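The structure appears right after this line, and notes come after that.
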Amino acid sequence: MKYILTFMILALCGTFASAQTDEKAKAILDKTVGQIKSYPAVEIVFDLSMINKEENIQETHPGKAYMKDNMYRIDVMDVINYFDGEVIYTYMPDQEEVNIKNPDENEEEMLNPSILFDIHNQKFTQKLVEDKDGKAYIELTPKKEHKQISKIGVWINTKTNTVEKVSSFGKDGNDVVITIKSLKKPEKELDINFFRFDKEAHPEVDIVDLR
């Protein structure tokens, strides 16, 4: 789940621009990232699919995400993940439990949307595989061997500069696909409390503080 969450944040932030190899791919990705960064906050509706062709497995879960500055809130697979820039809240409604923790050094880097725009500029090479009729497909390959993924595929609408789909191709045959159904500015202003679990609103929830 931690790997899936990290990949989701990477995908939903559109933070795959790289400073190397394919200049056409870089130009498309730069425009897409710039479009997303121009919003003061974003609301994203998506489907998360987990696929293993060899085992004939395909699970799809609807989800919704909000991001602002270095904060996020992602609701998918019956879990709501909050990050207010300092603390991670993992709320499991079915279990009536929330885990609260400080991110470790790697998590703070990987789970911070604003930082991601910079750190992943140096971690992927890129290749424009197809660019036709306003649709582009770009493949990203980790510069250093990754334990879990072999490559990432990004499908972009070049007319609107928006990401439509992102796939993580797993070395173990497990692929994760995020299909973005809508990406827009939220209808209302999102303050920091929106990115924190509300304890007072859920007095029945067991709070496990791991800090």
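Summary of values
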read-out: Residue within segment 178-199 that is of a type in the set (S, T, N, Q), over 22 Å from PHE83 (Cβ atoms) and part of a loop (DSSP other than H, G, I, E, B) present; value: no
read-out: Index of the failed condition, LEU190 passing every other in (1) modelled with pLDDT under 90; (2) surrounded by 16 or more Cβ atoms within 10 Å (Cβ to Cβ); value: (1)
read-out: Selected residue (only one of TYR72, TYR39 is among the aromatic types (Phe, Trp, Tyr), in contact with a Leu (Cβ under 9 Å, 6 or more places away or on another chain) and more than 22 Å from ILE149 (Cβ to Cβ)); value: TYR39
read-out: Options GLU200, GLU139, GLU145: the member that is free of Cβ contacts under 8 Å to residues at least 24 places away in the same chain, under 20 Å from ILE51 (Cα atoms) and either touching an Asp or Glu at 6+ places or on another chain (Cβ under 7 Å) or of a type in the set (Asp, Glu) (or both); value: GLU139
read-out: Restricting segment 1-54 to residues that are in contact with a strand residue (DSSP E or B) (Cβ under 6 Å, 6 or more places away or on another chain) and among the hydroxyl-bearing types (Ser, Thr, Tyr), the residue that is modelled with the lowest pLDDT; value: SER18
read-out: Test: residue in segment 103-123 that is in a strand (DSSP E or B), crowded, with 17+ Cβ neighbours inside 10 Å and modelled with pLDDT under 90; value: no
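The values are calculated or read from the model by the stated rules, or taken from the named source; none is laboratory data. It should be emphasised that the depicted structure is a prediction, and the values quoted were computed from it without experimental measurement. Backbone-built Cβ (ideal geometry, glycine too); neighbour counts: all protein chains shown.
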